[in-house]
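**Q** Before we start, here is the structure in question, set down as structure tokens.
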Amino acid sequence: MSVVKLEECREQIRTELDNVVDFWLKYSHDTVHGGFFTCIGRDGKVYDELKYVWLQGRQVWMYCRLYRTMDRFRKPEILEAAKAGGAFLRKFARVSSGGSGPWKCAFCLTRDGKAVKIQRTIFSECFYIMAMDELSRVTGDKDMQLEAEQMMQQLIYWVREDSSDLGRPQLSGDVPTNSMAVPMMLLCLVQQLSEGRGQEVVQKYRELGSWCVQQTLQHIQRDGTAILENVSLEGAELPGCQGRLQNPGHALEAGWFLLQFSAERGDEELQRTAIEKFVELPYQYGWDKEHGGLFYFLDVDGHCPTQLEWSMKLWWPHCEALIAFLMAYSQTKRPELLERFSQVYEYIFSHFPDAKSGEWFGYLTQEGKVALDFKGGPFKGFFHVPRCLYMCERILDDLLTNKD
């Protein structure tokens, strides 16, 4: 890919990011009760008023990151939206787990903030932490930063010491697992909380970051030929469908998390492992050679996955692939990585963006046709698309600035 082509990519990515931000600014804000609507139809109409806490946190984080790091998004309306979203979260997201146990975040709230559902996982809390920490950076509110760090300590306890407060019963036939989502997410939080906070904070989370990396590397299985989504706590392959499950997009996302960590630590061996096992390998087995695009789920032994959506092409794995290949190329300058970036880029921009109504479709058939035409829902909000475009624009800026 030539310098001219990279410049064209940057301009398209920049324009698309502007359009996506405008879509969510226009349609997602609840000016009555605060927070954001995420169940948004193709034309911007809200089709469900439920508010999902992890998506509220993601939107606050994304607005703040754009406001803090990109001059063209340093607009009062973005800052005020982030602050309003943060206030909604602080007022309603945390619910008591009962008794003397710690506070937990709801998964889903009514429009006016009443808890509807709590999940027995850590992910609402993860994005609450991201939102509070990033919002503290743009407002200077130290209480928010402290709140994020306190909830982080609770997460660490749940993950590494005792998960009973999550409410998941310990059943005799249930084998404890290392799900890749957990160490990945904690690694993301380590990077979030440590950024620019000084050596004291960096050292505070240094051991946890290394632990997250080692837990993630346990998912390299079958003598390095596969990334499996779930393994045992000892890092061994699990039996059945759960043990054979592969999620190429998740592996690619883990890949660029590891690349960021390796760059921070100056760890060249980890960089090589991240690229070979978490970027190139998932692409090799996950790319649909007939129709293009990444499969959502696969079975490592070639069985039909039990997930009904396994063959669909979803927005977020392609977002993660775009970041992963561009970041890998930026660190190594290996031309084949740029070629893979180009292939993913072409698939994305010929399938996901909606030229008529704005934003991106999220759910395509295996053949690449739109299966579900809404722009947001319980799982798709203002996060993967803008984060991808934001990160790729910044990486391309660096590449083009230093092209000589």
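**Q** Report yes if Leu281 is crowded, with 22+ Cβ neighbours inside 10 Å and assigned to a helix (DSSP H, G or I), otherwise no.
**A** Values: crowded, with 22+ Cβ neighbours inside 10 Å: no; assigned to a helix (DSSP H, G or I): yes.
Spelling it out, it is not the case that Leu281 is crowded, with 22+ Cβ neighbours inside 10 Å and assigned to a helix (DSSP H, G or I).
**Q** Residue check: is Val95 among the β-branched types (Val, Ile, Thr), outside any helix (DSSP H, G or I), out of contact with any Leu (no Cβ under 6 Å at 6 or more places or on another chain) and exposed (fewer than 14 other Cβ atoms within 10 Å of the Cβ)?
**A** Criteria not met by Val95.
**Q** Related question: Which of the numbered conditions does Val116 fail, given that it passes all the others? Conditions: (1) open to solvent by 60 Å² or more (accessible area, probe 1.4 Å); (2) in a helix (DSSP H, G or I).
**A** (2)
**Q** Related question: Scanning for something modelled with pLDDT of 95 or more, under 20 Å from Glu280 (Cβ atoms) and within 20 Å of the chain's Cα centre (by Cα), does segment 375-387 turn up at least one residue?
**A** No: segment 375-387 contains no residue that is modelled with pLDDT of 95 or more, under 20 Å from Glu280 (Cβ atoms) and within 20 Å of the chain's Cα centre (by Cα).
**Q** Tell me, please, whether a residue that is part of a helix (DSSP H, G or I), surrounded by fewer than 23 Cβ atoms within 10 Å (Cβ to Cβ) and in contact (Cβ under 8 Å) with a residue 40 or more places away in the chain can be found in segment 231-240. First the steps, then the outcome.
**A** We begin by selecting, within segment 231-240, every residue part of a helix (DSSP H, G or I); these are 240.
Subsequent filtering for residues that are surrounded by fewer than 23 Cβ atoms within 10 Å (Cβ to Cβ) retains 240.
Now restrict to residues that are in contact (Cβ under 8 Å) with a residue 40 or more places away in the chain: none.
No, segment 231-240 contains no residue that is part of a helix (DSSP H, G or I), surrounded by fewer than 23 Cβ atoms within 10 Å (Cβ to Cβ) and in contact (Cβ under 8 Å) with a residue 40 or more places away in the chain.
**Q** Find all pairs meeting these conditions: Cβ atoms under 9 angstrom apart; at least six residues apart or on different chains; first residue within segment 109-125 and in contact (Cβ under 8 Å) with a residue 40 or more places away in the chain and more than 19 Å from Val32 (Cβ to Cβ); second residue surrounded by 13 or more Cβ atoms within 10 Å (Cβ to Cβ) and aromatic (Phe, Trp, Tyr).
**A** As it stands, the answer is Ile118/Phe107; Thr121/Phe107; Ile122/Trp158; Phe123/Trp54; Phe123/Phe107; Ser124/Tyr52; Ser124/Trp54; Ser124/Phe107, since those pairs meet every condition given.
**Q** Let me ask something else about it. Just to confirm my filter: which helices (runs of 4 or more DSSP H) fall fully inside segment 152-227 and include at least 2 residues that are among the hydrophobic types (A, V, I, L, M, F, W, C) and crowded, with 17+ Cβ neighbours inside 10 Å?
**A** 181-194, 206-217
**Q** Do you know which residues across segment 311-351 are out of contact with any strand residue (DSSP E or B) (no Cβ under 7 Å at 6 or more places or on another chain), within 18 Å of Ala251 (Cβ to Cβ) and assigned to a loop (DSSP other than H, G, I, E, B)?
**A** Result: Ser311, single match.
**Q** Contact list please: Cβ distance under 9 Å, first residue in segment 349-367 and more than 13 Å from Trp316 (Cα to Cα) and modelled with pLDDT of 95 or more, second residue part of a loop (DSSP other than H, G, I, E, B) and of a type in the set (S, T, N, Q), pairs at least six apart or on different chains.
**A** Thr365/Ser311; Gln366/Ser311
**Q** For segment 4-32, how many residues are surrounded by fewer than 16 Cβ atoms within 10 Å (Cβ to Cβ) and part of a loop (DSSP other than H, G, I, E, B)?
**A** Here the count works out to 2.
Yes or no, residue by residue, for (1) of a type in the set (Asp, Glu); (2) within 17 Å of Asp30 (Cβ to Cβ); (3) open to solvent by less than 10 Å² (accessible area, probe 1.4 Å):
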residue: Leu66; (1), (2), (3): no, no, yes
residue: Met70; (1), (2), (3): no, no, no
residue: Phe88; (1), (2), (3): no, yes, yes
residue: Phe107; (1), (2), (3): no, no, no
residue: Thr110; (1), (2), (3): no, yes, no
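**Q** Could you tell me which of the residues Lys313, Lys375, Lys380 is without any contact (Cβ under 8 Å) to a residue 60 or more places away in the chain, basic (Lys, Arg) and surrounded by 17 or more Cβ atoms within 10 Å (Cβ to Cβ)?
**A** Lys313
The values are calculated or read from the model by the stated rules, or taken from the named source; none is laboratory data. Since the structure is predicted, the reported quantities are computational estimates derived from the model, not experimental observations. Cβ: placed from backbone, ideal geometry, glycine included. Neighbour counts: every protein chain shown. Quick note on the areas: whole protein, heavy atoms, side chains included, nothing else; ligands and nucleic acids left out. Shrake-Rupley method; radii C 1.70, N 1.55, O 1.52, S 1.80 Å.
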